[in-house]
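Let me begin by presenting the structure, written as structure tokens, before commenting on it.
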């Protein structure tokens, strides 16, 4: 009987499963960004910036995909580490879309437009020629341009 109830729940709530997939995909990010998305504290600094209310998270999802895929170069002492490129971790387009949707709709972030696997594939294609981690200053400029 339990299996039948579980099967019915799966059929009734396919979008909630996608959210769970995003939460599962976020496990890799949690090491630096934390379970609450606020960044793991390490002395006076954090391992990584907060995801809550971030322009880079809530702006153009293609920019966020590039960050996830290519990482961010360490430029100062504000954050303990560079963001590692996670292209191998998110090699599946659906998994990339799931983690983008999860981050863009968690930690107080609310974004109505859902990223699909097809969108993720386009973002991956747009990032294919980037061979090094991105620079934070360049990302900030790109986020500002999209906001204008």
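None of the figures in this text is laboratory data; all of them are computed from the coordinates on show. This one's a predicted model, so the numbers in the text were calculated from it and none came from an experiment. With ideal geometry, Cβ positions are generated from the backbone for all residues, glycine too; neighbour counts draw on all protein chains shown.
Based on the mean of other Cβ atoms within 10 Å per residue, sort peptides 50-62, 80-92 so the most packed one is first. Don't skip to the end; give the middle numbers.
Numbers: 50-62: 18.4, 80-92: 15.7.
Answer by packing, highest mean first, reads 50-62, 80-92.
Please give the peptides 123-129, 99-105, 31-37 ranked by average Cβ packing (other Cβ atoms within 10 Å per residue), highest first, as a rough proxy for protection.
Details: 123-129: 14.0, 99-105: 23.6, 31-37: 17.0.
Going from most to least packed, we get 99-105, 31-37, 123-129.
Label residue 129 and residue 109 with points 7 Å out from Cα along Cα→Cβ: what is the distance between them in nm?
Distance between the two pseudo-spin positions: 2.7 nm.
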